[in-house]
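Single-structure report; data block below.
The values are calculated or read from the model by the stated rules, or taken from the named source; none is laboratory data. Predicted model, so just to flag it, every value in this text is computed and none were measured. Here the Cβ positions follow ideal geometry from the backbone for every residue, glycine too, while neighbour counts run over all protein chains shown. Keep in mind that these areas ignore ligands, DNA and RNA; they rest on the heavy atoms of the full protein, side chains included. Shrake-Rupley method; radii C 1.70, N 1.55, O 1.52, S 1.80 Å.
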Amino acid sequence: MFYIHCPYCGEHREEEEFHPKGQAHIARPADPAACSDEEWGDYLFFRDNPRGIHHELWVHAVGCRKFFNITRHTVTYEILETYRMGEQPTITAESLARAEKSAGVQVANGGQQTVGASDSAVKDSKGAKV
Amino acid sequence: MQRYSGFGLVKHALSHHENWERQWRNPTPKKAYDVIIVGGGGHGLATAYYLAKEFGVRNVAVIEKGWLGGGNTARNTTIVRSNYLWDEAAALYEHSMKLWEGLSQDLNYNVMFSQRGVLNLGHTLQDMRDIQRRVNANRLNGIDGEVLDAKGVQALVPIMDCSKNARYPVMGASWQPRAGVARHDAVAWGFARGADAHGVDILQQTEVTGFKIRDGQVYGVHTNRGDIEAKTVGCVTAGNSGVLAKMAGIKLPLESHPLQALVSEPLKPVLDTVVMSNHVHGYISQSDKGDLVIGAGIDGYNGYGQRGSYPTVEHTLQAIVEMFPIFSRVRMNRQWGGIVDTCPDACPILSKTKVKGLYFNCGWGTGGFKATPGSGHVFAASLAKGEMHPIAAPFSIDRFNTGALVDEHGAAGVAH
């Protein structure tokens, strides 16, 4: 059961009050009529589907009914951050990788560090063997 | 391969069943193969089996990062049916149904395929209109189907609450008598044994970590047990297809979600058919062991965690108890979450890619098990000939750019 912080209500509420609405930050093409079939199909149907850090759109369906964004790990399901529409995430796969590298995070030999670690962070700290 | 028979059973009884041969070998990888199948689930093993048996391609490796039948093949609710609405999907699933009907004989392996029929319930007027349309479309495609009213449903399933007192009273159902269930592990094992007997190398505990691509042509894969070469590579990796595609620089229109199945404590025989409801959103059958096998919808968010959420368990069981008040005190024994790769139009992707020689068979979403033999057969034909089989051709990845979708959300059983 997720315990989700709604950035508009300012409170943690349980998962059942919310609905996931797919990948966040997908911009509608400014001039749809000018899109090729390729570009329009990509916009409609193709998604990132990462194994690791993912930015998602959720709606507080039985609360304030506002849409907002969640940054979540798709293997551990840990919620790293929630933020309002129009804002950019402060935590990304890249930022985590950089932070872990500079902090010299050790990853257990052969194991996958799961809590908060992105795939690329794991990769970086394991070196070229992966 | 040692053939199984009644006589063999008696013969092996004399040596206390200690001398049965292993069902498949555990070979070390060769340097190169003609075809590599990535993913040792039901669809991958079926592909390898038909490649070797029907299309004469015997130098084949199946690469599996875990063990056979350790993924969705053994995590599903085992329902087999072919009552899909659109011609393209109906052709694919009916092709599979026809293979199911002879599969135990063909494999010399009892997959316990039981044609006990499937009911798809209607609870609203619109449900009933959709059911009539779908059954009519099925019959035009030569697929068996009947429209039943509430009385007909009650006669088939006496323990179901078909009264007017239910919150969503049953108004009728579509009924496909040839549909049913099969034993999922046996399907994986039977195809593995058959493929192995035809010379296919099944490499377990071998994980693909990348593709070898030169000038837009695939020529092998990197694995944790060294590089293996092949000019034709078929990826059949369900929920992990997106991760694999990324290694080859391809984007797929898939999203991976957890889908749960539950099994109850064993009961005496009480339900002799399969009941599915789109509207109250759950499906149920009883296995030969007596457990109730229960499933419903996916968890709405993306996930690779192979575990489902509690709210989904609760909603699933609410739906089952709504239909079957008699089961309200049955205890659940086990629960799994498999990772399913859902497609925007609820139809699979069987396709070439922009990398020459690299094929994908994925996107089966919540309903891949029923298609296991058919998917394997048409995919094997496509790999062997280098051209997509006519039944597979409409399921090209290009359809998401051309717009020629096969929208099966209505017939895909339960809402996605």
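Placing dummy labels 7 Å off each Cα toward the beta-carbon, the span from residue A:87 to residue B:163 is 5.3 nm. If the chain linking residue A:48 and residue A:26 were pulled fully straight, counting 0.36 nm for each residue of separation and taking away their Cα-Cα distance, it would gain 6.9 nm. With a 10 Å cut-off around each Cβ of A:37-46, the average count of Cβ atoms from other chains is 5. Between the beta carbons of residue B:58 and residue B:205, assuming R0 = 25 Å, the FRET efficiency works out to 0.65 to the nearest 0.05.
Using the Cβ-Cβ distance between residue B:149 and residue B:126 with R0 = 22 Å, the FRET efficiency computed as 1/(1 + (r/R0)^6) comes to roughly 0.85.
A simple spin-label model places pseudo-atoms 7 Å from Cα toward Cβ; at residue B:26 and residue A:17 they are separated by 5.2 nm. Here the spin labels are modelled as points 7 Å beyond Cα on the Cα-Cβ line, and at residue B:307 and residue B:16 they lie 4.2 nm apart. Protein heavy-atom accessible surface, 1.4 Å probe, per residue over the protein assembly as shown: 45 Å². Counts of other chain beta carbons within 10 angstrom of each beta carbon in peptide B:237-246 average 2.
Taking every full run of DSSP H in chain B, the ones that stretch at least 15 Å from end to end by Cα along their long axis and average -0.5 or higher on the Kyte-Doolittle scale are B:42-54, B:184-197, B:310-323, B:372-385.
Ranked by the mean number of other Cβ atoms within 10 Å of their residues, highest first, the peptides B:48-55, B:218-225, A:61-68, B:278-285 come out as B:48-55, B:278-285, B:218-225, A:61-68.
Mean partner shielding of peptide B:291-304, defined as the number of other chain Cβ atoms within 10 Å of each residue Cβ, is 4.
Between chain A and chain B, roughly 2300 Å² of accessible surface gets buried, counting both sides and using a 1.4 Å probe. Residues in region B:392-403 carry Karplus couplings, in order, of 7, 3, x, 9, 5, 5, 5, 4, 7, 9, 7, x Hz; the curve used is 6.51 cos²θ - 1.76 cosθ + 1.60 with θ = phi - 60°, and Gly or Pro positions show x. Packing, as the average of other Cβ atoms within 10 Å across residues, places the peptides B:194-205, B:399-410, B:158-169, B:32-43 in the order B:32-43, B:194-205, B:399-410, B:158-169, highest first. Centre-to-centre separation between the Cα atoms of region B:131-155 and those of region B:198-235: 45 Å. Placing +1 on the Cβ of every Lys and Arg and -1 on the Cβ of every Asp and Glu, with no other charges, gives chain B a dipole of roughly 600 debye about its Cα centre. Relative contact order, whole percent, for region B:121-218 stands at 28, derived from Cα pairs under 8 Å and 6 or more residues apart. With kT/(6 pi eta Rh) evaluated at 20 °C and eta = 1.002 mPa s, and Rh the Kirkwood radius from Cα pairs, the protein assembly as shown diffuses with a coefficient of 87 µm²/s according to Stokes-Einstein.
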